[in-house]
Amino acid sequence: MSAVIENHHDDHHHGPAKGLTRWLYTTNHKDIGTLYLWFSFAMFLIGGAMAMIIRAELFQPGMQIVEPEFYNQMITLHGLIMIFGGVMPAFVGLANWLVPMMIGAPDMALPRMNNLSFWILPFAFFILLSSLFMEGGAPNFGWTFYAPLSTTYAPPSVTFFIFSVHIMGASSIMGAINVIVTIMNMRAPGMDLMKMPLFVWSWLITAYLLIAVMPVLAGAVTMMLMDIHFGTSFFNAAGGGDPVLFQHIFWFFGHPEVYIMILPAFGIVSHIIETFSRKQLFGYSSMVWAMLSIAILSFVVWAHHMFTVGMPLAAELFFMWATMLIAVPTGVKVFNWIATMFRGSITFETPMLFACAFVVLFTLGGFSGLMLAITPADFQYHDTYFVVAHFHYVLVPGAIFSIMAAVYYWIPKWSGNMYDERLGKLHFWLSFIGVNVTFFPQHFIGLAGMPRRYPDYALQFADWNMVSTVGAFLFGISQVFFLFIVIKTVMGGKKATDQVWEGARGLEWTVASPAPYHTFGTPPKVD
Amino acid sequence: MLSNYTNKLTGFLLTLSLFTNPAKADWFALNMTEGATAISEEVFNLHMLIFWICVAIGVVVFSVMFYSMFAHTKKKNPVAATFHESTKVEIAWTVIPFLILIAMAVPASKTLTKMYDDTAGDVNIQVTGFQWKWQYRYLEDGVSFFSNLSTDMDEIYNLVPKGENYLQEVDEAVVIPVGKKVRFLITANDVIHSWWVPAFAIKQDAIPGFVNTAWTKVDKVGTYRGKCTELCGKNHGFMPIVVKVVEQDEYDLWVSDKKEAAFKLAELTEKEWTTAELVERGESVYATNCVACHQVNGQGITGIFPALAGSDIVLNDKPRNIEILMEGVQGAAMNSFDYLSEVELASVITYTRQSWGNAEKGDGEIVSPKDIVDYKKPKI
Amino acid sequence: MNNKGKTSVKFLGMTVIAMFFFSFALVPLYNVFCEVTGINGKVFQSENSQEYTAEVGRDVAVQFISSNNERMPWVFKPSNEVMGVVTGKYYNATFYVKNTTNKTMTAQAVPSIAPSNAAAHLKKLECFCFEQQELAPGEEALLPVKFLISNELPNQIKNVILSYTIFDITDYNQENLAHLEMHTEKN
């Protein structure tokens, strides 16, 4: 399919509207994808700035820059913004851009709902961030908002927090419904389920997870709201409730949520490794089965976040074993990626560098995850910096590296321009070094005994905290550099070919670069 | 507010210049403690076992990967192989990890079962988490006390150099006998806290309304330090735990001393107190309980914590003054301090009524321990 | 959009609503789960008083603990700290309580059992924790609990701790009343 035909075809349709209304009223999946990606970038920088405040305070022992109350607000907002504002919208943005193009569909199935699900997001975060200026300050109870700290003892802004979480949830649910309906109904003829690109598969599974657990989160915050304002006592022991129940409900949402943030990354990395190894992905069907089993297992492991709440022995054993099982499908994925590279014909452009770093560092995060699954050892690790190191290893060089890899990989298709390879590589190495200098020492700090969410610490943790802070600032500055690279690429640069990468396969590489406003008005034929 | 920041800034610069950490070579604080009990050692060994298994898997997996990255580049291998599945290999790398996991799960389950020993202890201690301190109550002996952070605020705000046990020291440590089974019954008074002593491998959440248990049998005499590990509000990072493990006879002596002290305290409330005595005692009570919010100069923090210096209640309203300390202020940060002893309450109120020029401006009345006892009596 | 698409949107929408209500269903499910397994040492009222009285088992020490939740000024303590009991028999114990303030207050006691796997074997026929306690200023009371430890108590458990935490729910009740009044006024 050539670009000429595509463009010609376009003439019969409306092109993008001009000015601001293009973005406000758009129902085009590419426009909405772009909006999501820029929004998540903005949130990533805001959440990152908060991380810088946290690390600056922890540069050395003693209180220097902020007060403990404000510190708690920072850790809470940093977590919420990075999860709900950074990682999740970025993946939804990628899904918007890529899923229709990968399955040969003209657009998402529910374009108006697509517009709505994006445009309520800025309001959610405006509400959340404005709580910083309210009396009593922003939410200060951690992103896990355990009752009763988040109910009876919460600042008044908790009501706004609840409202904001409801909006984020509604946005995610609408996005997920859209993805599922698109994938189930709009695939090009011949595109069977087991022929779908892995990114599409990973998003299909993710979307089902979202449908299953976001309403549970909504339920949890609704119960909080009722406890705070309507005199119920779901989580209040005095009225027959139970604060531990909150944790069960929260983590019933929370653990699948963790996989919501990593499954699309699995899809992205699979494509990139395949492309730059110039070799077909090893074990496609086992990749799909591995993702499905990870998704199913995610519903029966939630209480491993709660090993210290005082559960009976039988429950602790069950959740330990179930959690350890997750290592099997995850291992299969890592082995498949390496087998794909094996005897390939590899080049290391920026997306591939990020993908390789993903494989290594995500696996490191997996190892510490396995250690955390061992209940007796978890009594020592739980709520220390070891946990902080663990989940940052799976989320930063995991989820976020995969998003950056995706941006470098697909930006030629989006903008029509190649990014500057030298700058991309420089950005990679700065980020790679920054991430490891930040988070590797946190394993030591945690094992040595420093709990998380501490604004100040004992002297034996000082040296590695200082190193960690230096790494954090390096990582933070590199992302401003990333912003520069992205803007530079969008503004201009070497023109990209339609296929862009030598080894690239898939329908999105058959359309012109930049991808025309409307693609696949007539479905392509898939063999 | 501004002067507060200037203070902090000078403090910051001061520590920068003083920045040489005393005592500890903390570059080597890299690993989990082996601890001081049989269980903690077992946990440590389990941790190391799994760590080394992970290292071994990592070495194998990553060497294959790095080998590919090195040997199978486009330059060295211009044409890629075409294989993309192998049922045998895929079965192997599903089954082998599964077997390794079983090898990990067996010792882990054994250790866990040991930790869940339900029998009673020789000594049973009720541990209650408060915002932001711990209360310990010895069930057999009736000894009961609070344990507060004893690190000076000036150290925290970098105005003076930090001591060796910065943020890991308390005004009164828990004392337990060596070689005896000690059971902790852990609960909380307000929000969820978590009681962690790494050397005993005990970490147990303290949940309001519910009692969790944990036990230990410590082999080595010594001082062990721990921390609160569940976010519990503003001063989550400032409620450490110190456990002193002593020989049995020393423990017995400590218990009898504590009992005697409690008896003496009861007597104290009966005696006639002078203003000077109360003020002297009150100053230290103030430093432990009040200074964080109301500040050393009694000025509080504008808009958040009300000033005591010149406050109308502190100057002229003795009954309300007592009531606030006993009941707290609904909807404000001021908690009830009714867990303090009568003497402590009386002296700290007297201290605030006599300091910062309050005595001259107001009625200057003192509050005696008896006033507190009277307050606690029912009024009909 | 075709019909197939509409069907999937409907189905997914229903799933979302179902999952939302499922989160509320977790509350009773959790209570049933607690009752069966004794998680968290929760104790529930047992109806049957006859079943256990005939058998006589082994000696167990029951230790009573009391705590006051935040801002609860009442005096609250067990009449006896420790009680020797035989499994399979009913016993009566009391807690002393006194409202030391000058206003009428309402309290709710919350029970908890340690070790947690003993909870399923502790049966309560009567307990002051089943209802709210209201005391006038200065009023004192002895609150009764009638309990039995069943013969199925695991053998290694020789000591059971029965803890009560007393919560001040005076304001809480007033708040609820206020809400109720508000609603009735509207109607």
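None of the figures in this text is laboratory data; all of them are computed from the coordinates on show. Since we're looking at a predicted model, the values are computed, not measured. Cβ coordinates were reconstructed from backbone atoms using ideal geometry, including for glycine residues, and neighbour counts include every protein chain displayed.
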Which parts of segment C:141-160 would a label at C:V86 reach, counting a residue when its backbone N lies under 11 Å from a point 7 Å out along Cα-to-Cβ? none
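For n ≥ 4 DSSP H runs only, could you compute -39500 (n - 2.57) per run for chain A, divide by its residues and tell me the 222 nm figure to the nearest 500?
Mean residue ellipticity, 222 nm, calculated: -21500 deg cm²/dmol.
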Where the only charges are on Cβ atoms (+1 Lys, Arg; -1 Asp, Glu), what is the dipole of chain A about its Cα centre, to the nearest 20 debye? 1100 debye
With the crude spin-label approximation of a point 7 Å out along Cα→Cβ, what separation in nm comes out for A:S130 versus A:F481? 3.8 nm
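Pairs to check: B:K110/B:K181; A:K279/A:K425; A:K413/A:K525; B:K227/B:K259; A:K279/A:K525; C:K98/C:K146. Give those whose C-alpha atoms are more than 25 Å from each other in this structure.
B:K227/B:K259
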Sites C:L29 and B:I96 - FRET efficiency at Förster radius 30 Å, r taken between beta-carbons, to 0.05: 0.20
Tilt, helix B:2-18 to longest principal axis of chain B (alpha-carbon atoms), in degrees rounded to tens, equals 50 degrees
Kindly identify chain A as rounded, prolate or oblate by the Cα gyration tensor criterion: order the square roots of the eigenvalues as a ≥ b ≥ c, call it rounded if a/c is under 1.5, otherwise compare a/b with b/c, prolate if a/b is larger, else oblate. prolate
Between 0 and 90°, nearest 10: helix A:284-297 axis offset from chain A longest Cα axis: 30 degrees
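From the mean inverse distance of alpha carbon pairs (Kirkwood) and the Cα radius of gyration, derive Rg over Rh for the protein assembly as shown.
In the protein assembly as shown, Rg relative to Rh is 0.99.
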Residue by residue through segment A:347-354, which ³J(HN,Hα) values in whole Hz follow from phi under the Karplus form 6.51 cos²θ - 1.76 cosθ + 1.60 (θ = phi - 60°), with glycine and proline marked x? 10, 10, 6, 3, x, 5, 4, 4
In vacuum, with every alpha carbon of segment A:482-522 counted as one equal point scatterer, what does the Debye formula give for log10 I(q)/I(0) at q = 0.14, 0.27, 0.30 Å⁻¹? Two decimals, please. -0.41, -0.98, -1.02
Prolate/oblate/rounded label for chain B (Cα gyration tensor, a/c 1.5): prolate
Going by alpha carbons, how many degrees (0 to 90, nearest 10) lie between the helix axis of A:68-80 and the longest principal axis of chain A? 30 degrees
Whole Å is fine, so just give me how far the alpha carbon centre of segment A:485-527 lies from that of segment C:1-34. 38 Å
Listed residue (A:T323, B:A359, B:N31) projecting farthest to the positive dipole end of the protein assembly as shown, Cβ model: A:T323
Mean-square fluctuation maximum in Gaussian network of chain B, Cα pairs under 10 Å, restricted to B:L30, B:L265, B:L139, hits B:L30
How much net charge surrounds B:L315 when only other residues with a Cβ under 9 Å from its Cβ are counted (Lys, Arg +1; Asp, Glu -1)? -1
Helix-only mean residue ellipticity at 222 nm for chain B, each DSSP H run of n ≥ 4 adding -39500 (n - 2.57), per residue, nearest 500: -14000 deg cm²/dmol
Please work out whether segment B:38-115 counts as rounded, prolate or oblate from its C-alpha gyration tensor, where a ≥ b ≥ c are the square roots of the eigenvalues and a/c under 1.5 means rounded, while otherwise a/b larger than b/c means prolate and anything else oblate? oblate
Name the residue, out of B:T213, B:T128, B:T119, whose mean-square fluctuation peaks in a Gaussian network model built on chain B with Cα pairs under 10 Å. B:T119
Projected label distance in nm at A:K425 and B:D154, using a 7 Å step from Cα toward the beta-carbon: 5.7 nm
Inter-site label distance for B:V329 and B:W52 at 7 Å from Cα along Cβ, in nm: 6.0 nm
Check: segment A:31-178 dipole with +1 on Lys, Arg Cβ and -1 on Asp, Glu Cβ, in debye: 220 debye
At 0.890 mPa s and 25 °C, Stokes diffusion of segment A:1-142 via Kirkwood alpha-carbon radius, µm² per second: 140 µm²/s
Would you work out the relative contact order for chain A, in percent, from Cα pairs under 8 angstrom that are 6 or more residues apart? 19 percent
Give me the percent relative contact order of segment B:143-203, please, defined on Cα pairs under 8 angstrom at least 6 residues apart. 26 percent
Find which of C:V85, B:F62, B:V191 sits farthest along the positive direction of the dipole of the protein assembly as shown, computed with +1 on the beta-carbon of Lys and Arg, -1 on that of Asp and Glu, about the Cα centre. B:F62
Cα centre as origin, Lys/Arg/Asp/Glu Cβ charges: the protein assembly as shown dipole, Debye: 4360 debye
Hey, with R₀ at 51 Å, roughly what FRET efficiency would B:H84 and C:A61 work out to, going by the Cβ-Cβ distance, to 0.05? 0.15
Segment C:42-175 - percent relative contact order, Cα under 8 Å, separation 6 or more: 36 percent
Most positive-pole-ward Cα, B:N297, B:P319, B:A71, against dipole of chain B from beta carbon charges: B:A71
For the B:E272, B:D171 Cβ pair and Förster radius 25 Å, calculated FRET efficiency rounded to 0.05 is 0.35
Given the convex hull of the Cα atoms of segment A:224-311, what is a quarter of its surface area in nm²? 8.1 nm²
